[in-house]
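Engineer: The structure that follows is given in the form of structure tokens.
The values are calculated or read from the model by the stated rules, or taken from the named source; none is laboratory data. No experiment lies behind these values; they were computed from the predicted model shown. Heads up, the Cβs are rebuilt from the backbone with ideal geometry, glycines too, and the neighbour counts pull from every protein chain shown. Each accessible area value is taken on the protein alone, full model and side chains, heavy atoms only, with ligands, DNA and RNA left out. Shrake-Rupley method; radii C 1.70, N 1.55, O 1.52, S 1.80 Å.
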Amino acid sequence: MSDYRQSCIILDKPSGISSNQALSKVKKKISQKKAGFSGTLDPLASGLLIIFFNKATKLCSYFLNADKSYEAIAKLGETSTTGDLDGDTISTADVPNLKELDIKILEKKYTGVIKQTPPMYSALKHKGVRLYKYAREGINIDRPSRDIEIYSIKINIIDNNHLFIKVRCSKGTYIRTLVEQIGLDIGCGALVSKLVRTGINDVNISKSVSLENFLSSSEEDICNKYIINGDLLLSKTDTCILSELDKEQVLKGNKVKIQNKPCELVRIYDEEKNFLGIGKINEESELLPKKILV
């Protein structure tokens, strides 16, 4: 039996099920009650879903707020209620000749800080209720636009009805909305026909296990191949090692003076290399614990 106290799995969620359904299947497979994941993926979307167990769930918010990478296929000439193929069709239009489309201008327009209005079919809450629940009742809630940032975007023409779009972006970015915005610019509308989340911070989908393989594996294989400790997701983050005395203080939530340079995020270990959590080192070389996992 594995020690799941600080554990997580890097899952490749398939299209066709919700993130919560994937989470439930994983929890049931390894008999874990407490678990969470790193940002919801739409049922149509597949890709990277980091699932955290027990104490490691304290890291969820860090990855929820992390930068993300996606690959999408945009279907041109059609819009829907959900912004993807799962919704009801709102409009159809002829697609202009894409040979006349200046891709570079589009890429430049959507690089950097841009405005987005979150879609009604999203997990955002209004008065404690998810927006998609209002949408299913035909209720439209006013949503203020907000700034998000596209660090890089690459658009390629697949055929005269489809575009391939590769994006690295900040938290809060909706690829469905981005595709809709691009469709408006082209003049025919667009929706997402395929979406894959390929990265969360430095964690890449190449490190993931498919849900099918996970569920068909023995618990011994799962423990040996797929379960990792939460600190391994932060392999490029600075570390600090605490003395026994400083460890006692940090576990109480107190700051301690250390020798490390100022750092916004640092992994904390004790002298026996046990992972304690994450923290921040301020300008006074004080370690401020943020999330303690023991």
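Engineer: To test your reading of the geometry: what angle, between 0 and 90 degrees and rounded to tens, separates the Cα axis of helix 19-30 from the longest principal axis of the chain?
Structural biologist: Rounded to the nearest ten degrees, it is 40.
Engineer: Determine the gain in length on full extension of the stretch residue 185-residue 20; use 0.36 nm per residue of separation and subtract their C-alpha separation, reporting nm with one decimal.
Structural biologist: Details: separation 165, 0.36 × 165 = 59.40 nm, distance 3.43 nm.
My answer for the length gained is 56.0 nm.
Engineer: Something else now. Mind checking the per residue accessible area of the range 149-294 for me, 1.4 Å probe, whole number of Å²? Write down the numbers at each step before the final one.
Structural biologist: On the way: 7450 Å² over 146 residues.
With the other protein chains kept in place, the range 149-294 gives 51 Å² per residue.
Engineer: Another question about this same structure. Measuring from a point 7 Å past the Cα of residue 219 along Cα-to-C-beta, which residues in the range 24-38 have an amide N at less than 14 Å?
Structural biologist: Under cut-off, by backbone N: 27-33.
Engineer: Let me ask something else about it. Residue 154 versus residue 111, label points 7 Å from Cα toward the beta carbon: distance in nm?
Structural biologist: Distance between the two pseudo-spin positions: 1.3 nm.
Engineer: Could you work out what % of the accessible surface of the range 147-204 is carbon and sulfur, using a 1.4 angstrom probe and leaving DNA, RNA and ligands out of the count?
Structural biologist: It is 45 percent, rounded to a whole number.
Engineer: Okay, moving on. From largest to smallest, what semi-axes in whole angstrom does the range 57-134 give when each is the square root of 5 times an eigenvalue of its alpha carbon gyration tensor?
Structural biologist: 29, 21, 11
Engineer: Right, here's the next one. For an R0 of 22 angstrom, estimate the FRET efficiency from the Cβ-Cβ distance between residue 104 and residue 161 and round to the nearest 0.05.
Structural biologist: Numbers: r = 21 Å, r/R0 = 0.95.
Step by step, r from the Cβ atoms, then E = 0.60.
Engineer: While we're on this one: Tell me, in nm to one decimal, what length is gained between residue 272 and residue 129 on full extension, where the rule is 0.36 nm per residue of separation less the Cα-Cα distance? Kindly include the intermediate steps, with their values, before the conclusion.
Structural biologist: On the way: separation 143, 0.36 × 143 = 51.48 nm, distance 4.52 nm.
Between residue 272 and residue 129, full extension yields an extra 47.0 nm.
Engineer: In whole percent, and with a 1.4 Å probe on the protein chains, what portion of the accessible area of the range 1-92 is carbon and sulfur? Please list the in-between numbers first.
Structural biologist: Working: 1850 of 3920 Å².
Roughly 47 percent of what the probe reaches on the range 1-92 is carbon or sulfur.
Engineer: Pull up all non-local amide H partners of residue 41: gap of 5 or more, or a different chain, and H-to-H distance under 5 Å with H placed in the peptide plane.
Structural biologist: It is 19, by chain and number.
Engineer: Still on this model: Pop out the carbon and sulfur fraction of the accessible area of the range 223-294 as a percent, whole number, probe 1.4 Å.
Structural biologist: On the range 223-294, the fraction of accessible area on carbon and sulfur atoms equals 45 percent.
Engineer: In nm, what is the difference between 0.36 nm times the number of residues separating residue 29 and residue 212 and their Cα-Cα distance?
Structural biologist: Numbers: separation 183, 0.36 × 183 = 65.88 nm, distance 1.15 nm.
Fully extending the segment from residue 29 to residue 212 adds 64.7 nm.
Engineer: Also, I was wondering about something else. Which value, to two decimals, describes the C-alpha radius of gyration of the range 221-294 once divided by 2.2 N^0.38 Å?
Structural biologist: Values: Rg = 12.9 Å, N = 74, 2.2 N^0.38 = 11.3 Å.
Ratio of Rg to 2.2 N^0.38 Å for the range 221-294: 1.14.
Engineer: Taking the Cβ-Cβ separation of residue 171 and residue 292 as r and a Förster radius of 30 Å, what is the calculated FRET efficiency to the nearest 0.05? All intermediate terms of the calculation are to be shown ahead of the outcome.
Structural biologist: On the way: r = 23 Å, r/R0 = 0.78.
Computed FRET efficiency for residue 171 and residue 292: 0.80.
Engineer: If I model a spin label at residue 146 and residue 283 as a point 7 Å from the Cα along the Cα→Cβ vector, what separation in nanometres do I get?
Structural biologist: Using points 7 Å along Cα→Cβ, the separation is 2.9 nm.
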